[in-house]
1. For region D:238-338, just say rounded, prolate or oblate: build the C-alpha gyration tensor, square-root its eigenvalues into a ≥ b ≥ c, call rounded for a/c under 1.5, and beyond that prolate if a/b exceeds b/c, oblate if not.
2. Using only the alpha-carbon atoms of chain B, report the extent along each of the three principal axes, biggest first, to the nearest angstrom.
3. Strictly greater than 22 Å: what percent of every Cα pair in region A:23-145 meets that?
4. Using only alpha carbon positions, build the gyration tensor of region A:87-127, then give the equivalent ellipsoid semi-axes as the square roots of 5 times its eigenvalues, largest first, whole angstrom.
5. In square nanometres and to one decimal, what's the mean projected area of the convex hull around the Cα atoms of region A:152-211?
6. In µm²/s, what is D for region A:380-522 at 4 °C and 1.567 mPa s, where D = kT/(6 pi eta Rh) by Stokes-Einstein and Rh is the Kirkwood radius from Cα pairs?
7. Running a GNM on chain B with Cα contacts under 10 Å, which residue among B:125, B:60, B:168 ends up with the highest mean-square fluctuation?
8. Counting DSSP beta bridges in region A:380-522, what percent are antiparallel, to the nearest 5?
């Protein structure tokens, strides 16, 4: 022990002159850092109540609860997270996983109370002092735990597909499907958006767990047109998909297609179709063998009724066959799918047009129930001069002809009027028929186009030109060319549908030369047969039905699909068919009682 | 590494080997030669550091797997010796005489898995748990959440809603009824036809 | 203890009932005089001595609290090494069953007035160990808690806020945890005995 | 101060395996000593769990003769939460918020090791910048832990000012963590695939440097106050000597082994993360007593400061910090087994992970660095030590009860 060892500790005295480390006012002086993970905040406008935070929370600290003033809505379950601070560990996994980015954490961290039952609150709804805090932990793009990118669907190259009606999308390979299926969060927000309410998370889970047979069964529980829907559905589910808020939605449609693509050979076997079904002596007639009618037939057959379908054409399928070009839905796919439905034991009368060949009144009297699903097959004509000029075609008729196998010569330049999915089908078919230049005229802008974005994108890839805010006013013929006179439009006030109404700009007329002009601006219902059985129709020509039960004013006649609600997509028609099956069964089993409470 | 494993294989039959990365290999040995083999690895091959002893419960195959990880300071590499034990009567030879640290691991494994190491000091004393009267907690059949809920009174008043159910109730009640009824009918038919086969 | 007593202990073994007061505790009623009572409360509120028993992870935030940076001794808060000198018991987070037994013992040894501070989620509803087989879920079944502090871990500032709340309660005369324990002693004991399987403590000792 | 008697009893401590062992199955560490408590010569007391000197919540059952310990049994389990069991019912992503609770002073090692084990089994490569940030975080937490540990070591021998400084300076490091990660004690920052977020801004390294300078200044003071202190020297020199032969026998790692002159350091032997690209020396001692171990820890603080500076100099300025995982809610890790290790301030910490291809780990075993130090070793070392020095001895082994019993 040296003297140095005794003295050197005293050097610590020099610290007495330093400024102390002590924080003078501990609670107010130092607020949490910008990234500090304090109490939760929630942007309740952004939050859609998907419950992903609840699922990832390893402490089971989060409950999804109904919370005033939020109510359930399209794409929003109306639930909001409620957090138990007797469980939370402030790990912020819920923030990092939040698909919409609504959840965050404030940098406020002081909360003391003598009452342990207070420790549950709904961030963003309950009044807390940190409710509107901007500081604190927020999810950044790099910290997001979810994958915003959709697995791309392999498609034919634009140069190849321009010349062929072969199916464009090739379908997912196994690894791609697994990858895509694993993105699903299983929140179930999509189920509501689907008109037929398919169990989407369930079949996606079946894919992930490689139980494709189960997946097929789940599909056929709610939709007997799964294979076609997997190709051409408008996929309203994808519009509300929770991942779509900050990235690309799950490719639900392609996943559905993946199941059917891999099981179609054994479909009847898996589903037990062809095996005896319950038999009832009641007979039901279905008018029109489109998606709606066939769906109704499939499920009514499962109830045991005897079904007869009256079909105007020589093949079933309705708009799926005659409205959708082959490159999106190959005919063999449709054929094998319809065969599955017919294998349940449905009788079909082809080439019989109800209203002309046989009267509706007669059917209504001889059968126990009638389901009308004739669709909306008539193309709308534009109320302009020169509609009957040679070379002016109607969109649906045009597609019908192509579906029948015709390959008309359209000339060099084709003009397509309209902005819906039919217009897209028409213009893309025109490209495939060899038109050098295809131009789409639409009276609003691209944002308002009702066609799917995907379709528009693909049409552009194939070289289709788009001309927005323009509308034809007159068509005439000069030599072998059509002279289409157009007028420029501008967007005015929003109308009843919420879209801004186009208004013509006076004097902005100009002329486009073309070989063919196709009008694809809408369809109407042909409901002439209704008078035969005194069925009421609406002023748009659709059947006047109860929107819930699909029943017309004649008790045993039901109508649905496009002819009930006006032109819409296939999945809507399928949903109507299913609903009709349910209510027809109810009508036949509970005679006289009201169909709904 | 391969040489060492080959030499080990010659002396004590190695049932399975698996090289996870160049400096970590797993070998499976028979229960009766394991302690000899570990002594050999320690004294001859220079694996003188017992990193840890651990057990894995393979309830599906009705066995426990004991893992001894040994480290060689010269080669900077590890060999993990795996020994499979019968789950009904799990007994293993103790190696407390090789490493002083082993007795602690063995005590813990005895407590957490119920694998016995006769002769190991204080092996029957409870180490971590006090007054435990259930099956050893690390065994797979022990459900910790259920036990916790039954024993420790979680706070009441927590209830969660399912987004799907709530949307069905609020937004499309009739259609949900349609869906479930149709689903029931279709499934009934399918099950009947499956039964008929 | 006399030498003779020590010899007795050595020979016959330790008998807790002889050496500990096993009497049932009594409720401490506040002083009737308003001014004296206020003075008592003021004095109690400003000398909160913590029992230095780190029961869980929360104890890692206690040293910063006592030490130079936060220096709570200026607020009359100071760690004490033994329960006999301490007035505040900080349950710093989760409690395993084994610790709970020692905690109860320490709590009962503390003299009145005494208070319990529950730190973090674990004391409220199990926190992140809600499904663990060895940790209790809610502290208020076994010990009366006066103030809870949110966090996992709470920052020392939050702890100081908790002490401020406790001071407020004491000054208002509402920190009645110890009396609650006495009044519901049977209920607390029954809960404690339910989970402490090898109960070898006297009913109440101090 | 050591009395003459005491220095004699310390001789008991010097038993080494070179002593002839009569029964190979009952070596000295397995002997059960019996003491006749009724004779009045011995006294049994409990040191902990409620004791200000123990590190964390654990207990030593000491048998004393006078004030010298003749037998010591450690009792753990007061902090047992069953992490290994809890992890078996949590998905891989859900595990990482709970693993950091295994060791309170150094949570990031648990996060890193868990992530590293999962990454190895799942075949994930972490981006380079992510690796550098991970190394930075690990060195920073080592610094924080050592600073507090040094303060605790001094505090256990009555040198309170060092404790005050150490804890306060650790707080400055925690402030940096708060900026970087958003958490003060539990950072939950290293996740499988990388780290959660990049630096908050470009000035962050500068703020770290300021804290490092403060620490360097502190070390100078600590040297004078603690290591040149006659009282500290007298109490710690010769106390708790670990013979070099014990290192392998007891599985001693880290500073405790290096103080005995055994050159083992996972950062050098099995370099992980970016330690290969960093330039540092293994710090070795020889005396292997409490004083030497404290001194080595002081050196380790300087080493860590040096490493942090190097990291800032060498790390890439831009780049990804983590790679996207597959959907974490359904993430399945392929079946396999692995063991990963890292050097914490207390020694080698390792994670042994077994997966079976499902969404949950089958088994995770955590080799706590102080597991053997605090149990088998302390039981041997405490024998022959004065009761007043037991707490100091325990701190010098850097025992950490939460990682012993998990």
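1. oblate
2. 78, 45, 35
3. Counting pairs separated by more than 22 Å, the tail of P(r) holds 32 percent.
4. In descending order, the three semi-axes are 22, 12, 10 Å.
5. 5.5 nm²
6. Value of D from the Cα-based Kirkwood radius: 85 µm²/s.
7. Per the Cα network of chain B with a 10 Å cutoff, B:168 tops the list.
8. The antiparallel proportion sits near 50 percent.
Every number here is computed from the coordinates shown, using simple stated rules; none is lab data. Note that the structure is predicted; figures quoted are calculated from it, not measured. Cβ sites come from the backbone with ideal geometry, for glycine too, and all protein chains shown count toward neighbours.
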